């Protein structure tokens with residue numbers, strides 16, 4: 001059995017923290033398992049928990065618009081994952097012990113996908129992967145070198161739904177991602193918008 005499928009089964013059967021008790025589905029991740037870009041967000045929300053897939057609600061629709069503007073498709077260019085695999089009650093931020101329980105899954109997933117670029121969506125993803133004291137408002141839009149990979153933190157699509165003024169900074173961040181993708185992966189990558 002392929003390693004990614006073995007990992008998927010581990011995640012779907014995980015009971016390492018109390019989130020496993022209240023979940024409908026553990027959300028493993030979606031997209032191209034050999035993508036050059038990996039997106040990491042906080043964790044599943046209501047829609048994701050119900051369907052077992054990443055970014056299927058209103059935030060997912062916003063993310064799809066962003067990716068489309070960049071010329072990226074989920075099934076070709078992107079693999080999407082989360083810091084935690086189960087929905088925290090009332091969509092609260094995951095607790096440190098919940099993040100710690102899930103982190104080995106994420107680290108293994110990053111190793112298997114082997115992306116050159118990682119996009120962190122929101123403060124929880126930044127704190128969970130880079131440093132617990134990291135601040136998204138200070139670090140978004142700046143490349144971070146992490147474990148031989150380039151990491152771009154930016155705001156989560158749900159923040160854009162709450163505050164449309166955040167769309168411009170995210171677009172500036174994503175233009176940097178497109179430029180880096182052209183530099184590292186495909187010089188001819190097409191985007192109608194950047």
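The values are calculated or read from the model by the stated rules, or taken from the named source; none is laboratory data. In this text the structure is predicted, and so the values were computed from the model without any measurement. Ideal geometry is used to build each Cβ from the backbone, glycine not excepted, and the neighbour counts take in all protein chains shown.
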Flag for residue 80 being at pLDDT 95 or above and assigned to a helix (DSSP H, G or I) = no
note = Quick count over the range 35-69, residues being more than 18 Å from residue 158 (Cα to Cα) and touching a strand residue (DSSP E or B) at 6+ places or on another chain (Cβ under 8 Å), is 4
task = Could you figure out which of (1) under 30 Å from residue 21 (Cβ atoms); (2) surrounded by fewer than 16 Cβ atoms within 10 Å (Cβ to Cβ); (3) over 15 Å from the mean Cα position of the chain (by Cα) isn't true of residue 111?
result = (3)
query = Residues in the range 43-54: is at least one at pLDDT 95 or above, buried (at least 19 other Cβ atoms within 10 Å of the Cβ), in a helix (DSSP H, G or I) and under 16 Å from the mean Cα position of the chain (by Cα)?
reply = yes
ask   = Given the residues 106, 126, which is the only one that is free of Cβ contacts under 8 Å to residues at least 40 places away in the same chain, surrounded by 20 or more Cβ atoms within 10 Å (Cβ to Cβ) and touching a helix residue (DSSP H, G or I) at 6+ places or on another chain (Cβ under 8 Å)?
value = 126
message = Among the numbered criteria (1) more than 16 Å from residue 27 (Cβ to Cβ); (2) in a strand (DSSP E or B), which one does residue 66 miss?
response = (2)
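Residue by residue, here is whether (1) out of contact with any strand residue (DSSP E or B) (no Cβ under 6 Å at 6 or more places or on another chain); (2) modelled with pLDDT of 95 or more holds:
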| site | (1), (2) |
| --- | --- |
| 89 | yes, no |
| 121 | no, yes |
| 141 | yes, yes |
| 145 | yes, yes |
| 164 | yes, yes |
task = Output the number of residues of the range 170-194 satisfying the condition of being surrounded by 13 or more Cβ atoms within 10 Å (Cβ to Cβ) and at pLDDT below 95.
result = 2
query = Restricting the range 45-70 to residues that are touching a residue at least 60 places away in the same chain (Cβ under 8 Å) and out of contact with any helix residue (DSSP H, G or I) (no Cβ under 7 Å at 6 or more places or on another chain), which is nearest to residue 105 (Cα to Cα)?
reply = 60
